[in-house]
Every structure is written in structure tokens, then in C-alpha cells.
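Since the structure comes first, as C-alpha cells, the remarks are kept for the end.
The values are calculated or read from the model by the stated rules, or taken from the named source; none is laboratory data. Quantities reported herein were computed from a predicted structural model and do not represent experimental measurements. Using ideal geometry, Cβ is built from the backbone for each residue, glycine included, and neighbour counts are taken over all protein chains shown.
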Amino acid sequence: MGGGYDTPTVELDCDLAGFAYKHVTFHGRAAHAGFVPFAGVNAASMAVLYQTAIGLGRQQLREDVLARLNPVVSSPPMTTNVIPDTARVSTDVRTIDLAYMSELSVKLDAMAQGAALALGGVAEIDTEVGYLPFRQHRPLSEPFREAFQAGVPGIEALLDDRGGSAAAGDVGDLSVMLPCIQIGYSGLEGTVHGADLHLDDPVTVLDAVPRFVLEGLRRLGPALEKVTGYRNTYDEYVAQVTRLGGRVVGTRD
């Protein structure tokens, strides 16, 4: 877990956001910026107008679903003596609510199209789905809560069901089809994230946390018996991604 904690801590039942990428390429018309700027249609100006719309639109974002937008200019370098005929802006659309992610995607499309229309250009919009929101299967967390209550040397605190985080992970996609939980943990100073491994507190990371996980797994059997008829098929998962405007790469294998 990020954030830093004063004592070795584990976390249960924290949902995660999902996200999609919106890539908007604005198309205008190139012209010499000194000789005939009036003959051009400035794609970079459309990009600025689009980012302004996103900035003003943040006032309308719902706070309860951890909605986040982070637009960046992803265009290649431009030269100052040419009215640019293309400009690209990319943003993530991040939230713990899948339906709201779709709603925000539609709003961003309207902002992009409006920015292009206002200045006489065209907006080419590409939506790329990242991860779907992650919902912890809370019955499966109960054995690990019992493990903490029983006491595991080196684990001193439990952060329990804080609701959600705007961080995201590929476990969100898996949780659409299978019951999943994710256990967070933090040592006194270090965290583990991807390939960036910080072992400022190796006793917690390499000893206490594995012992905690083992104690939870020993209690897992009764919780597994309660998991029946779980959620969606792979095809239903593909349909959810498709509704967001994305595509699934690969197969169910």
C-alpha cells in the first residue's frame, strides 16, 4: 500500500477503480504562421479548448465514485512557424463505478467534438479500455480478518474496508468473472509496487506478511463453500469491455 504507515499494516476489502484511455486527435489545416495564418485551421487550439472544457467539467464530477481525469498533450513536437494541422490529447477516465465510466466517456466525446466544431476542425476519438473496477469479494476476506484477530507476529494494524481507492489493477478484470480479494500491506517505510521493490522493512515484507497470508489460507475452506453462481461468464466480460468502446486482446485461453 502507498501512503506510509507508522506500524506494519495489512489492509482488507479496499475496492479499486477501473480506467479507460481517451485518445483524441484533432485535425485542422496547416498554413504558414507568418504569411497566411488565416488560411490554417489550428488543431493545437482545438486541443487547448478541449482541455479547458475538461478542466471546467471537473466541477461536475461525482466525488462518491472517485472519478479522475488527467489530460496530457501527447502530440509530436510542433514548429512555431506552421499552424499545426494535427494535435493529440490523451486522458484516463478513472472511477470505481463502471456505469459512470461510460457516462464520462460520452461526455468527453462531446467535449472533443465541440472543441473541433468550434474551430472548424475534426476530432478523431479512440477509446482504449485499461482495467475494469475491482470489487472485493468480502466473504473471502473474512478468514484473513480472523487471522489478524488471532494475532500474527509482526502485523500490528489492520486497515479494514475503507471503501475504495482510485488506484487500479488487472485484478478488476478477473473479479468480473471470479471471486477475488486483494490484500494490501505496508512495512514501516517501504512498499512493494510492480518491479519497484522497496525492502526498507524486509521483516514485514518477507516474513510477517507471508505468515499472515498463510494463517488466512488455513481458515479459507468454510468461506469457499459459500461461493456459488458467481457473476459473469467470459463472454459477458467481453461485452462489458465492448460497451466501453474498447476491445479484448487475446482469448479466454
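Picking from residues in region 1-29 that are among the β-branched types (Val, Ile, Thr) and surrounded by 15 or more Cβ atoms within 10 Å (Cβ to Cβ), the one that is nearest to Gln182 (Cα to Cα) is Val10.
Taking the numbered list (1) touching a Gly at 6+ places or on another chain (Cβ under 9 Å); (2) loosely packed, with under 13 Cβ neighbours inside 10 Å; (3) under 29 Å from Leu174 (Cα atoms) in turn, His32 passes all entries but (3). Screening Asp109 on (1) more than 16 Å from the chain's Cα centre (by Cα); (2) among the acidic types (Asp, Glu); (3) assigned to a strand (DSSP E or B) shows it passes everything except condition (3). Within region 19-63, the set of residues being of a type in the set (D, E, K, R) and either touching a helix residue (DSSP H, G or I) at 6+ places or on another chain (Cβ under 9 Å) or in contact (Cβ under 8 Å) with a residue 60 or more places away in the chain (or both) comprises Lys22, Arg29, Arg62. Of the residues Val41, Val48, the single one that is of a type in the set (Val, Ile, Thr), buried (at least 18 other Cβ atoms within 10 Å of the Cβ) and within 16 Å of Gln113 (Cβ to Cβ) is Val41. Residues that are in a loop (DSSP other than H, G, I, E, B), surrounded by fewer than 18 Cβ atoms within 10 Å (Cβ to Cβ) and at pLDDT 95 or above: does region 86-105 have at least one? The answer is no, given that none of the residues of region 86-105 is in a loop (DSSP other than H, G, I, E, B), surrounded by fewer than 18 Cβ atoms within 10 Å (Cβ to Cβ) and at pLDDT 95 or above.
For the residues Leu16, Leu66, the requirement of being in contact (Cβ under 8 Å) with a residue 24 or more places away in the chain, under 20 Å from the mean Cα position of the chain (by Cα), within 30 Å of Asp161 (Cα to Cα) and part of a loop (DSSP other than H, G, I, E, B) singles out Leu66. Of everything in region 122-166 that is buried (at least 18 other Cβ atoms within 10 Å of the Cβ) and among the small types (Gly, Ala, Ser), the residue that is nearest to Val89 (Cα to Cα) is Ala123.
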